[in-house]
Amino acid sequence: MLEVRNLSVGIATPSGPLALVEEVDFRLEAGRTLGIVGESGSGKSMLALALMGLLPPAARASGSIRLEGDELIGLPEAALCRIRGKRIGMIFQEPMTALNPAMTVGEQIAEGVQWHENLGRRAARARALDLLQRVGIPEAARRLDDYPHQMSGGQRQRVGIAIALACRPRLLIADEPTTALDVTVQAQILDLLRELVAEMGMGLILISHDLGVIAETADDTLVMYAGMPVETGSSAAIFARPAHPYTRGLFLAMPGHAGVPAGAGQRLQTIPGSVPEPGRRPSGCRFADRCAYVIEACRAAVPPWEPLPGGQQARCIRLEELP
Amino acid sequence: MTALRTVVRHPTLNLGGLVTLLLLGTAVVSQVWTPASPTQIQITQRLAPPLQAGLLGADHFGRDLTSLLMVGAWNSLSIAFVAVLLGMAGGVLLGTLAAAWRGWAEEVVMRLADVTFAFPAVLSAIMIAALIGPGATTAVIAIGVFNIPVFARVSRAAALQVWERDFVLAARSAGKGPVLITLHHVLPNIAGLLVVQATIQLALAILAEAGLSFLGVGMPPPHPSWGRMLSDAQTYLSQAPHLAILPGLAIALAVLGLNMLGDGLRDIIDPKLRRKR
Amino acid sequence: MIFLLLRRFTALAITLLLASIAIFLVLEILPGDPAAIMLGTEAREDTLAALRREMGLDRPAYERYLNWLGGALSGNLGLSMTYKVPVAELVADRLAVTFPLAFLAILISTAMAVPLGVIAAANHERPADHGVMLFSQIGVAIPNFWFGLLLILFFSSYLGWFSAGGFPGWDDPVAALKALLLPAVALALPQAAILARVTRSSVLEVLGEDFVRTARAKGLTRRVALRRHVLRNALIPVVTVMGMQFSFLVAGAILVENVFTLPGLGRLLFQAMSQRDLVVIKDVVLLFAALVIVVNFLVDLAYAWLDPRLRQG
């Protein structure tokens, strides 16, 4: 349903073009969930904005994004507006600021429906009520005319989901949808997303820095580091046998982690250093500066994809030598 | 170094500074030298257009317009300067004290500021002029009074922020009283902001002074004043349009220069605001 | 909501009261003998005494103040010394000029400034933006009375499209509006310059908000998102500044009415000052100050309408 090939995002700066996201490839089928995981600065959000065609003015995407066979890269703005909200819905991280404070939630949900489907006020309002019920807001009929500030964070995120689902899109992108929420609310929102995917049969791209969130929800996982994918495969495989040193580092930094290779112990560890900014990334393997297993050859060129059993792949030249 | 570079490369600041310097220079020079006497009446060159009598022509009494404009700069600037200084003194006193004491003192100061805002300089100048007649004092009081609430609000808001800072907390726990803290910590930290505000208020005060003398409640004749020159020019609008154009241009240039200088200074003192303007 | 309204109303009443006390102090207590000021130094003692009696100066100050305040509230503003007519009548005639003038000026400045500010923000750091900012810098620096003179010079003296001043009265509404047009433009320009700037920075700020991205993710075009989501939220600071500017508008009206010889409140005040008619001055100044205070109060209320978060209080 969605096929992304060699997607890169660059930004023009006074000192020349700068790559933010490089060489992303993945496929997503309807009814399935792809988790994209990585620390902040790994280019996850930029990737999501590229899929939406909502990159900042100075940024450009290249490569190919095919949604149900239609190429999105290079589409004029007017055509993208007909796709956004209609065929792709997006849920944002901050439910506190992602809703317009001066508009009732009902109006905000109905707006997309009126815009894309030329529905009248009444019909759009009925749809909004329907959606509000579907995302689990109690007494939805009464809450329809509430303003965002009258709702809790979790309820606002439910409204955000209702907005994204308003036109029954085939693809849903959720960028850190639970990061700003309490832990108990997080689980409820993830449950809701899972239910909706199963029920409506859409494809979901779930972006998170939290492996726990990905593990609970995603069928497949893509691990990003410094703007580049470093490992991909089914979530089951990756969570059972993380291959890339970065992925392993992420697992070791996760409380109550599972699937850690023997001998690694059960203490929480952090990856030394931080994600390099665009422009300061190493030229070979992007993880070279922080990797415990780095050798000279790692810095020579970007490592190619190394296939592993079960369709899993990792971008590391030393996979076989790793403990 | 980087601060210096910002100053050098800031076109608004440079242009504004240049115009302001020119204005100040003209005003100062006018006190020792003018091309002709600004009070000498020469009926023969009455309403003469620019270059026919002196550089910029002559007014309805045949006085040299260049000289009148130069001395006008001095008069306008000195009234504006004294008024803003008075307003700043009163406003900063009230504002910092309100921030230091909070509670009802703050409430009273802010209410008074609200009330004073309802009396623009022209309005209070007319009241005062009705009592003591027009003149420099009337203009200074009227403009000064309107500046008090402006500075009170700005300095209160800025002082409140300083009061939240750690070093003030340290000073308080060391037993320093609100007055000492205000003098030693608050004032030095809000001084930059006050200078920026004063520059902008100076521009507004020049506008207000021009308005007052246009109405005849500012400096009385024979002291040259830009505003009254404009008022006199009304009678000869079609015969001598330069009389209506040049003094206005002088006011606009002076205000433009000071405003640009103020904007530039703000950029340097508060770089956070920069991207927005 | 009701509690909030009550609190605001109390603050309004207190501010109005303080303003009236300030005026009374300046005009009736500070001078010592207002009658002497009104008649000048050469007045004869018996005329002075007569005027003192007429003004009620023989009675204590608080009684005079309360009388004045009560009169002002009931529309009885006293008798003008120079015109020998009730001030209320004078004021009513003049308001019919000043009020439409101010209204027209606000209309013109808003109609100019808001689109300019939005255009500048939508074209941030591009030529249109720089152009609007330049207009703003220059507009702020131009005194409105000088701009009025320039307008007369060009449109009356040179082109002959408008008369140079005066007011034909409302019997002929078209002529009346025509007479108010140039003064209103003169009054509107500096206001528009400031408002355009405020609108620009406010729109820029709201454009960066997350909810604008949400709106764009629904598929709304830039333009529609700007209209439906940005404008309303960006208007809040704009309305604040409009309220604060009303005080400058009042000052400007006094000046501009004198440039265009419009028989408005400003001109009345100016004439009263020349004749030292303290009764008229006291009433008109109170009216102007009250106008500014009430407008700012209304602006406060307008927030609640623009920003639902403030409705609960």
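Here are some notes:
- Looking across C:216, C:228, one residue alone is touching a residue at least 12 places away in the same chain (Cβ under 8 Å) and more than 25 Å from residue C:137 (Cβ to Cβ). It is C:228.
- Matching residues, region A:42-80, being part of a loop (DSSP other than H, G, I, E, B) and closer than 16 Å to residue A:222 by Cβ: A:42, A:43
- Of the helices (runs of 4 or more DSSP H) lying entirely inside region C:173-276, those containing at least 2 residues that are out of contact with any Lys or Arg (no Cβ under 7 Å at 6 or more places or on another chain) and more than 29 Å from residue B:205 (Cα to Cα) span C:173-207, C:210-217, C:222-225, C:231-259.
- Whichever residue in region A:78-106 is free of Cβ contacts under 8 Å to residues at least 24 places away in the same chain and within 8 Å of chain C (Cβ to nearest Cβ) and, among such residues, is nearest to the chain's Cα centre (by Cα): A:97
- Within the set C:66, C:104, C:116, the sole residue that is out of contact with any Gly (no Cβ under 6 Å at 6 or more places or on another chain), away from every other protein chain (no Cβ under 14 Å) and surrounded by fewer than 18 Cβ atoms within 10 Å (Cβ to Cβ) turns out to be C:66.
- Residues of region A:236-255 satisfying the condition of being assigned to a helix (DSSP H, G or I) and among the basic types (Lys, Arg): A:248
- Residue C:96 in the same structural domain as residue C:290 (by TED's automatic domain parsing) and surrounded by fewer than 18 Cβ atoms within 10 Å (Cβ to Cβ): yes
- Region B:49-80: number of residues that are buried (at least 17 other Cβ atoms within 10 Å of the Cβ) and under 23 Å from residue B:25 (Cα atoms): 21
- For region B:122-149, the tally of residues that are more than 7 Å from chain C (Cβ to nearest Cβ) and in a helix (DSSP H, G or I) stands at 18.
- Criterion violated by residue C:260 - all others in (1) surrounded by fewer than 23 Cβ atoms within 10 Å (Cβ to Cβ); (2) more than 9 Å from chain A (Cβ to nearest Cβ) satisfied: (1)
- Residues of region C:142-172 that are in a helix (DSSP H, G or I), hydrophobic (A, V, I, L, M, F, W, C) and without any contact (Cβ under 8 Å) to a residue 40 or more places away in the chain: C:146, C:150, C:151, C:153, C:154, C:155.
- Qualifying residue in region B:243-264 (condition: in contact (Cβ under 8 Å) with a residue 12 or more places away in the chain, assigned to a helix (DSSP H, G or I), acidic (Asp, Glu) and within 11 Å of chain C (Cβ to nearest Cβ)): yes
- Count of residues meeting criterion [crowded, with 24+ Cβ neighbours inside 10 Å and of a type in the set (A, V, I, L, M)] in region A:75-98: 4
- Looking only at residues of region C:287-313 that are closer than 18 Å to residue C:28 by Cβ and facing another protein chain (nearest Cβ under 10 Å), we find that the one that is surrounded by the fewest Cβ atoms within 10 Å (Cβ to Cβ) is C:290.
- Tabulated pairs, region C:265-280, first over 12 Å from residue C:27 (Cα atoms), second among the polar types (S, T, N, Q) and in a helix (DSSP H, G or I), C-beta under 8 angstrom, 6+ apart or interchain: C:265/C:98; C:266/C:98; C:266/C:258; C:267/C:258; C:270/C:258
- Some residue of region B:14-25 being in contact (Cβ under 8 Å) with a residue 60 or more places away in the chain, over 19 Å from residue B:195 (Cβ atoms) and in a helix (DSSP H, G or I): yes
- Residue within region C:191-204 that is facing another protein chain (nearest Cβ under 10 Å), surrounded by fewer than 23 Cβ atoms within 10 Å (Cβ to Cβ) and of a type outside the set (Ser, Thr, Tyr) present: yes
- In region B:225-242, the residues that are outside any loop (DSSP other than H, G, I, E, B), more than 10 Å from chain C (Cβ to nearest Cβ), of a type outside the set (S, T, N, Q) and touching a residue at least 24 places away in the same chain (Cβ under 8 Å): B:229, B:232, B:236, B:242
- Positions within region B:13-34 being within 16 Å of the chain's Cα centre (by Cα) and over 24 Å from residue B:58 (Cα atoms), in sequence order: B:16, B:17, B:19, B:20, B:21
- Residues in region B:183-224 that are over 15 Å from the mean Cα position of the chain (by Cα), in contact (Cβ under 8 Å) with a residue 40 or more places away in the chain and not in a helix (DSSP H, G or I): 7 in all.
- Some residue of region C:133-144 being in the same structural domain as residue C:230 (by TED's automatic domain parsing), at pLDDT 90 or above and closer than 30 Å to residue C:276 by Cβ: yes
- Residue C:126 being of a type in the set (D, E, K, R), at pLDDT below 95 and over 20 Å from the mean Cα position of the chain (by Cα): yes
- Given (1) under 29 Å from residue B:187 (Cβ atoms); (2) in a helix (DSSP H, G or I), index of the condition residue B:119 fails: (2)
- If you go through region A:62-100 and pick out every residue that is in contact with a helix residue (DSSP H, G or I) (Cβ under 6 Å, 6 or more places away or on another chain) and modelled with pLDDT under 90, you end up with 2.
Listed here are the residues, each with its yes/no results for (1) closer than 24 Å to residue C:235 by Cβ; (2) touching a strand residue (DSSP E or B) at 6+ places or on another chain (Cβ under 8 Å); (3) among the hydrophobic types (A, V, I, L, M, F, W, C).
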residue: A:101; (1), (2), (3): yes, no, no
residue: A:107; (1), (2), (3): yes, no, no
residue: A:110; (1), (2), (3): yes, no, yes
residue: A:115; (1), (2), (3): yes, no, yes
residue: A:119; (1), (2), (3): no, no, yes
residue: A:123; (1), (2), (3): no, no, yes
residue: A:126; (1), (2), (3): no, no, yes
residue: A:129; (1), (2), (3): no, no, yes
residue: A:139; (1), (2), (3): no, no, no
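- Region A:132-157, subset in a helix (DSSP H, G or I), of a type in the set (Gly, Ala, Ser) and under 24 Å from the mean Cα position of the chain (by Cα), residue farthest from residue A:100 (Cα to Cα): A:154
- Residue list for region C:274-286, filter: surrounded by 17 or more Cβ atoms within 10 Å (Cβ to Cβ) and of a type outside the set (A, V, I, L, M, F, W, C): C:276, C:277, C:282, C:283
The values are calculated or read from the model by the stated rules, or taken from the named source; none is laboratory data. If you're wondering where the values come from, they're calculated on a predicted model, not measured in any experiment. Reconstructed Cβ throughout: ideal geometry from the backbone, glycine too, with neighbour counts over all protein chains shown.
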